[in-house]
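Peer 1: Sharing a structure below in structure tokens format, with a few things to ask.
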Amino acid sequence: MSKGLRWGLIGASTIASEHMIGAIRANGGEVVAVLSSDASRGRNYAETHGISRSTTDLAALVEAPDIDAVYISTTNELHRDQVFAAAAAGKHVMCEKPLALTLADARAMVAECKGRGVVMATNHHLRNAATHRAMRDAIAEGRIGKPLFARVFHAVYLPPHLQGWRIKAPRAGGGVILDITVHDADTLRFVLGDEPESVSAMVSRAGMAEAGLEDGVMGVVRFAGGALAQFHDAFTTRYATTGFEVHGDEGSLVATNCMTQQPIGEVVLRTGDGTVPLSLMHENLYARSIRLFQDATAGLGTPAATGEDGVCSLALALATVDAAKTGRETSVAGQG
Ligand code: NDP
């Protein structure tokens, strides 16, 4: 395993506290500092999580010589400028999804990191799940023949402590599409090994989201290789189960309990020979994300999801927003 990095957290967020600080430490890394827009919140966060210092000054954090990499988990409208600041200071960057609110910004962030010679990753955790990796391998080995259809079940209940900007703030990149569909987009690209061409979608508003934001969506994606993928995402369903299925002309893969932050879930392969479970080695999704990022900074391979992957998932998410608005099948490439 490569050496643990010294990290600066940009954003005193829930995801960092619930998953990423632990994932960094599990890889031998150190969380050196945290940036918050509120000095007293930052101090409390640092104290709660055993982080030696906090700051409200982005330049001070990214320029600190005792920091190798930053993890950006602020609200979505802030990611762009924070990635630029980190890259300019020569820091490697792991940025949360969606990378930005426009494709032009996301592409510029990737170009900036490349130009500065720093590693950039997008924290699409679901690529790190044993379930999705096993499905990707089975498809690549031809075990279901040609993939014809995929179905993604990612309707969940947004827990009360997260019912803030996601359901209230369009300017922060709220709404279920930028929050959840963007993960489906990445997972579909990863599992199918194919690129989306167009999407049709309808959104719903069940009363949880405000300010015109959607809290549910269903849609269908057309992939370049010919497969169609349907997705169902929501903040409002308390009792739905999650899943991911791919149906080919020679077999089907059915994964359950897999669209989750936890290292759980099962996958079965159904063919003319019967139904067999795929063998899975579960691993903490976020710890794997950090491990591959850390390796990439040492010149060993690439992050699980690169900056370019974050651009592609955002392109499909933004096309979904457009498709729902216009009622038309919308080109993903046409997003600019
Ligand atoms: P949070 O709402 O927890 O944090 C976002 C920002 O809100 C923080 O940077 C913080 O600002 C502010 N904030 C947080 N808690 C409070 C509070 N109690 N009072 C006042 N302000 C607060 O967001 P999430 O952790 O849910 O999401 C952050 C990012 O991570 C988003 O981009 C999201 O899409 C992504 N995400 C990714 C996941 C994944 O699995 N890949 C899962 C969940 C989120 P400040 O830093 O200025 O203090």
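Peer 1: Is it fair to say Glu250 is under 21 Å from the mean Cα position of the chain (by Cα), assigned to a loop (DSSP other than H, G, I, E, B) and surrounded by fewer than 16 Cβ atoms within 10 Å (Cβ to Cβ)?
Peer 2: no
Peer 1: Shifting gears a bit: Filter segment 45-68 down to residues that are among the hydroxyl-bearing types (Ser, Thr, Tyr), closer than 15 Å to Met20 by Cβ and exposed (fewer than 13 other Cβ atoms within 10 Å of the Cβ), then give me how many there are. Show your work before the answer.
Peer 2: So in segment 45-68, the residues among the hydroxyl-bearing types (Ser, Thr, Tyr) come out as 45, 48, 52, 54-56.
Keeping just the survivors that are closer than 15 Å to Met20 by Cβ gives 45, 48.
If we keep only those that are exposed (fewer than 13 other Cβ atoms within 10 Å of the Cβ) too, we end up with 48.
Counting residues in segment 45-68 that are among the hydroxyl-bearing types (Ser, Thr, Tyr), closer than 15 Å to Met20 by Cβ and exposed (fewer than 13 other Cβ atoms within 10 Å of the Cβ) gives 1.
Peer 1: Determine which single condition Gly90 fails, assuming it passes every other condition in (1) open to solvent by 30 Å² or more (accessible area, probe 1.4 Å); (2) within 15 Å of the ligand (Cβ to nearest atom).
Peer 2: Every condition holds for Gly90 apart from (2).
Peer 1: Any residue at all in segment 209-229 that is within 30 Å of Ala287 (Cβ to Cβ) and either open to solvent by 20 Å² or more (accessible area, probe 1.4 Å) or part of a loop (DSSP other than H, G, I, E, B) (or both)?
Peer 2: No: zero hits.
Peer 1: Go through Leu99, Leu158, Leu103 for me and flag whichever is surrounded by fewer than 24 Cβ atoms within 10 Å (Cβ to Cβ), in contact (Cβ under 8 Å) with a residue 60 or more places away in the chain and within 12 Å of the ligand (Cβ to nearest atom). Explain how you work it out, then say what you get.
Peer 2: Details: Leu99 fails: surrounded by fewer than 24 Cβ atoms within 10 Å (Cβ to Cβ); Leu103 fails: within 12 Å of the ligand (Cβ to nearest atom).
Leu158 is the lone residue from the list that is surrounded by fewer than 24 Cβ atoms within 10 Å (Cβ to Cβ), in contact (Cβ under 8 Å) with a residue 60 or more places away in the chain and within 12 Å of the ligand (Cβ to nearest atom).
Peer 1: Separate question: For segment 274-289, enumerate the residues that are over 18 Å from the mean Cα position of the chain (by Cα) and buried (at least 18 other Cβ atoms within 10 Å of the Cβ). Before you say what the answer is, go through the steps one by one.
Peer 2: To start, the set of residues in segment 274-289 that are over 18 Å from the mean Cα position of the chain (by Cα) comprises 274-282.
Answer for segment 274-289, where residues must be over 18 Å from the mean Cα position of the chain (by Cα) and buried (at least 18 other Cβ atoms within 10 Å of the Cβ): Leu278, Leu280.
The values are calculated or read from the model by the stated rules, or taken from the named source; none is laboratory data. If you're wondering where the values come from, they're calculated on a predicted model, not measured in any experiment. All Cβ positions, glycine included, derive from the backbone under ideal geometry; neighbour counts span all protein chains shown. With ligands, DNA and RNA removed, areas are computed over all heavy atoms of the protein, side chains included. Shrake-Rupley method; radii C 1.70, N 1.55, O 1.52, S 1.80 Å.
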